[in-house]
Amino acid sequence: MQFGITIPLERFFKLKKPPYGEPLDDLFCWELHVVLLQGRPALIGENCATRFAFVLAGIRQEDKDHLAQMAKQEIRDSFQDMGISPGFTESYLKEAGALEITKTHGRSQVAYLNKAVDLMMWNDIAADPHSARQPVLNDILNRTPTKCTGHTEPEPPVERMLERLERLAGDWRSARTGRCADRGWTGEKQG
């Protein structure tokens, strides 16, 4: 799994410029950025294929040695918050491979990341000032219809992620559980 880090995040952690990563399915590529959220440095990550995003507030410079592991754990937690089954979550993380810090994945991906930052800032009132995890902001980021490369109509990022995970699995069973299943998505093939 590749984590493309922005220049502000490089500077925040005082990191050397990372290399470009080897070509990889963009489903396994994420962009990471740092912004101030209610006065606290926050990590925002966005998937390059789907625009699925997460926010982790209160990061510190001491976190630099485990940045990739923090992002991976937040992806795991955010998937499950959005109703993606633990089985699909773990399969995705296994299929994504070794964690790698790289340069960002291109201008359009960074532009999409900036749009996620804008949406987060417009909704910063939803941030929990007492928690690192931000499930309400994540919900806003992942349920608000957005445009994405390869899609003609705006769609919630969680829907794009679920579609890609189900295609990746090549299985008729659904990646949808919990809140998604409550909305009528049963995991059975649609006729």
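Things worth noting here:
- Residue, farthest from Asn47 (Cα to Cα), within region 110-159, restricted to residues that are free of Cβ contacts under 8 Å to residues at least 40 places away in the same chain and among the acidic types (Asp, Glu): Glu153
- Options Leu9, Leu43, Leu32: the member that is assigned to a helix (DSSP H, G or I), touching a residue at least 12 places away in the same chain (Cβ under 8 Å) and open to solvent by less than 10 Å² (accessible area, probe 1.4 Å): Leu9
- Every residue from region 48-92 that is open to solvent by less than 10 Å² (accessible area, probe 1.4 Å), over 12 Å from the mean Cα position of the chain (by Cα) and under 24 Å from Glu155 (Cα atoms): Gly83, Ile84, Thr89, Tyr92
- Residue check, Thr152 open to solvent by 50 Å² or more (accessible area, probe 1.4 Å), modelled with pLDDT under 95 and of a type in the set (Ser, Thr, Tyr): yes
- In region 130-172, the residues that are of a type in the set (Val, Ile, Thr) and over 21 Å from Pro86 (Cβ atoms): Val136, Ile140, Thr144, Thr146, Thr149, Thr152
- Verdict on Lys115 being open to solvent by 40 Å² or more (accessible area, probe 1.4 Å), within 13 Å of Thr146 (Cβ to Cβ) and of a type in the set (D, E, K, R): yes
- Annotation: Ser91 fulfils all but one of (1) assigned to a loop (DSSP other than H, G, I, E, B); (2) farther than 20 Å from Asp128 by Cα; the unmet one is (1).
- Residues that are farther than 18 Å from Cys29 by Cα and either touching a strand residue (DSSP E or B) at 6+ places or on another chain (Cβ under 9 Å) or modelled with pLDDT of 80 or more (or both) are absent from region 164-174 altogether.
- When Phe54 is tested against (1) over 25 Å from Arg167 (Cβ atoms); (2) hydrophobic (A, V, I, L, M, F, W, C); (3) in a strand (DSSP E or B), only condition (1) is not met.
- Cross-chain or 6+ apart pairs with Cβ under 8 Å, region 78-98 first and under 23 Å from Ile44 (Cβ atoms), then of a type in the set (S, T, N, Q) and open to solvent by 10 Å² or more (accessible area, probe 1.4 Å): Gly83/Thr177; Ile84/Thr177; Thr89/Gln80
The values are calculated or read from the model by the stated rules, or taken from the named source; none is laboratory data. All values reported here derive from a predicted model rather than from experimental measurement. Reconstructed Cβ throughout: ideal geometry from the backbone, glycine too, with neighbour counts over all protein chains shown. For the accessible areas, the whole protein counts, side chains as well, though only heavy atoms, and no ligand, DNA or RNA atoms are used. Shrake-Rupley method; radii C 1.70, N 1.55, O 1.52, S 1.80 Å.
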